[in-house]
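**Q** If you scroll down you'll find the structure; I have some questions about it.
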Amino acid sequence: MFENIHSTYDLAYLMEEVRITYNRDVKLSVANMQLDSRGGDIASVPRWVAKVLSQDNLVEIQDNETSSYVSRALNRERIAKPHDLSTLDPDFYVRVNDYLKGLKERERENLMISINSFVTARLEKIVKLAAASPLSPELAEKLSAEERYLYDVVHNSTDSFKRKVIKRFD
């Protein structure tokens, strides 16, 4: 189930349009897609196309806002109250993982320290909240798709555990 959720958001992310700058002339035809551009041209293409072209150094992906997007999310969670979750987009972890793939090893290692702390903090909050009550619409809006799945699993497991324990003493 978790993999299905993640795959769905991953596909949607790869289909989003992203701006690219061509590094050199490109003339390409695949299925019903035509690319005919000169070096220096700027265009918008689906992210998956940009990634393929970028691998061959044909284009540069203009996706500079991801760095600030990740930083803002980390900062919002850091300043959130101990019992409150900051809001994440449903595809947050898909975006973070894609961003991490594009970083140099040293940059990735430095960011991973913050990401691990971020995930640990959110995990602790989600487990406490899920053990205490069912998912409210307000809280659901704050969770990524993966976190929402986790919330449901933890809530159902703790609810089942409580029923079994209490039932034993009836």
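**Q** Below 29 Å Cα-Cα, how many Lys pairs turn up in the chain? Only count pairs eight or more apart in sequence, or on different chains, if you could.
**A** Lysine pairs meeting both conditions in the chain amount to 19.
**Q** Given a 1.4 Å probe and the protein chains all in place, what does the accessible area of His83 round to, in Å² to the nearest 10?
**A** The value for His83 is about 130 Å².
**Q** Amide H of Lys142: which non-local residues (sequence gap of 5 or more, or other chain) have their own amide H closer than 5 Å, using H built in the peptide plane?
**A** HN-HN under 5 Å from Lys142: empty list.
**Q** Sort segment 77-124 into rounded, prolate or oblate with this rule: let a ≥ b ≥ c be the square roots of the eigenvalues of the Cα gyration tensor; rounded if a/c is under 1.5, and if a/c is not under 1.5, prolate when a/b is larger than b/c, oblate otherwise.
**A** Since a/c reaches 1.5 but b/c is at least a/b, the shape of segment 77-124 is classed as oblate.
**Q** Provide the per-residue ³J(HN,Hα) series for segment 14-19, in order, calculated from phi with Karplus coefficients 6.51, -1.76, 1.60 and θ = phi - 60°, each as a whole number of Hz, with x at glycine and proline positions.
**A** Residue by residue, segment 14-19 yields 5, 8, 4, 6, 9, 7 Hz.
**Q** Taking amide H positions as placed in the peptide plane 1.01 Å from N, state which residues far from Val59 in sequence (5 or more) or on other chains have amide H under 5 Å from it.
**A** For Val59, whose amide H was placed from the backbone, the distant partners under 5 Å are Asn23, Ser54.
**Q** Per residue of the chain, what 222 nm ellipticity follows from adding -39500 (n - 2.57) for every DSSP H run with n ≥ 4, rounded to the nearest 500?
**A** -20000 deg cm²/dmol
**Q** May I pose another question? Quick one: 3J(HN,Hα) in Hz for segment 66-81, Karplus 6.51/-1.76/1.60 with θ = phi - 60°, rounded, Gly and Pro as x.
**A** Using θ = phi - 60°, the values come out as 4, 4, 6, 4, 5, 4, 4, 5, 5, 5, 4, 6, 5, 8, 5, 4 Hz.
**Q** Something else now. Excluding ligands, DNA and RNA, what is the solvent-accessible area per residue of the chain at a probe of 1.4 Å, expressed in Å²?
**A** Per residue, the chain has an accessible area of 67 Å².
**Q** Sticking with this structure for a sec: Which option, (i) 39, 24, 14; (ii) 30, 16, 15; (iii) 41, 18, 12, is the value of semi-axes √(5λ) of the Cα gyration tensor in Å that was calculated from these coordinates?
**A** Derived directly from the coordinates: (iii).
The values are calculated or read from the model by the stated rules, or taken from the named source; none is laboratory data. All figures in this text were calculated on a predicted structure; none of them were measured in a lab. We work out accessible area using only protein heavy atoms, side chains counted, and drop any ligands, DNA or RNA first. Shrake-Rupley method; radii C 1.70, N 1.55, O 1.52, S 1.80 Å.
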